[in-house]
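Written out below as structure tokens is the structure these notes cover.
The values are calculated or read from the model by the stated rules, or taken from the named source; none is laboratory data. Since we're looking at a predicted model, the values are computed, not measured. When we count neighbours, we look across all protein chains shown, and the Cβ atoms used for this are built from the backbone with ideal geometry, even at glycine. Areas reflect the complete protein model, heavy atoms only, side chains present, ligands, DNA and RNA absent. Shrake-Rupley method; radii C 1.70, N 1.55, O 1.52, S 1.80 Å.
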Amino acid sequence: MAKIAMIIAKSEFRDEEYLHPKEEFLKNGHEVITASSTLGECTGRFGAKVTPDIDFKELTTDDFDALVFVGGGGSSEYSDSPIAHGLAREAYRNGKIVSAICIAPVILSRAGLLQGKKATVYPDGENDLVKGGAFYTGNPVEVDERIVTGNGPAAARDFAKAVMEALEALQK
């Protein structure tokens, strides 16, 4: 099956936006690689403790078939990161699925990937998406070609399903 790289913040990532999609991915036979800006223990907003597999700076597009930026307040550490932007752009150029949930679609917008695309985000990020040229829909989950966005924790499982459906579509 596919390899899915999930990037979490070192703190304040949204627990259910990481745990629920990861559970769905694993349940469906996919491999999950967790990356962060630290190799030390990362802590979610509600106390989830996660030890990343790899520093996100070490990820290459050969490592995964889909890239997931997990939301939560801590994800802002990647919003203006040239490394995160470069990884997202390279993944998209190389035919990978690129996705983000909650406030994390701002990362994709600032990387220039949402220009002319339908996308959604946690309501606080709407202006960032529009400024980046996206067509903000406000839907729980939005898919436009190989870009998948979700608007928050309540959409986490549907977001995961959309990522997996996008992966299936690539394999056809």
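Points worth noting:
- To put it simply, the accessible area of the range 51-172 at a 1.4 Å probe is 45 percent carbon and sulfur.
- Rounded to the nearest 20, the size of the Cβ-charge dipole of the range 1-134 about its Cα centre is 380 debye, with Lys and Arg at +1 and Asp and Glu at -1.
- The H on the amide N of Phe46, modeled in the peptide plane, is under 5 Å from the matching H of Asp15, each at least 5 residues off or on a different chain.
- Note, ³J(HN,Hα) from phi for the range 34-39, Karplus 6.51, -1.76, 1.60, rounded to Hz, x at Gly and Pro: 9, 10, 7, 7, 9, 9
- Pairs of lysines in the chain whose Cα atoms sit within less than 19 Å of one another amount to 22, provided the residues are eight or more positions apart or on different chains.
- Residue of Ser75, Ser37, Ser99 that the Gaussian network model of the chain assigns the largest fluctuation, springs spanning Cα pairs under 10 Å: Ser37
- Square roots of five times the Cα gyration tensor eigenvalues for the range 7-53, Å: 18, 12, 7
- Mean separation of Cα contacts under 8 Å, 6 or more apart, over the residue count of the chain: relative contact order %: 21
- Residues Glu23 and Lys118, FRET efficiency given R0 of 35 Å [Cβ-Cβ distance, rounded to 0.05]: 0.85
- Label-to-label distance, Asn127 versus Lys57, with points set 7 angstrom from Cα along the beta-carbon direction: 3.2 nm.
- Summarising the label geometry, the points placed 7 Å from Cα in the beta-carbon direction at Thr137 and Ala48 lie 2.4 nm from one another.
- Rounded, prolate or oblate (a/c below 1.5 giving rounded, otherwise prolate when a/b exceeds b/c) for the range 61-172 by Cα gyration tensor: rounded
- Across all C-alpha atoms in the range 98-157, the radius of gyration and Dmax reach 9.5, 28 Å.
- The smallest convex shape that holds all Cα atoms of the range 1-84, its convex hull, gives 74 Å³ per residue.
- The range 138-172 and the range 30-85 have Cα centres lying 18 Å from one another.
- Counted over the chain, the DSSP beta bridges are approximately 20% antiparallel.
- Within the listed set Ala119, Ala111, Ala154, the Gaussian network model of the chain (springs between alpha-carbon atoms below 10 Å) gives the highest mean-square fluctuation for Ala154.
- Note on the range 92-172: antiparallel DSSP beta bridges, both residues inside, total approximately 40 percent of the bridges counted.
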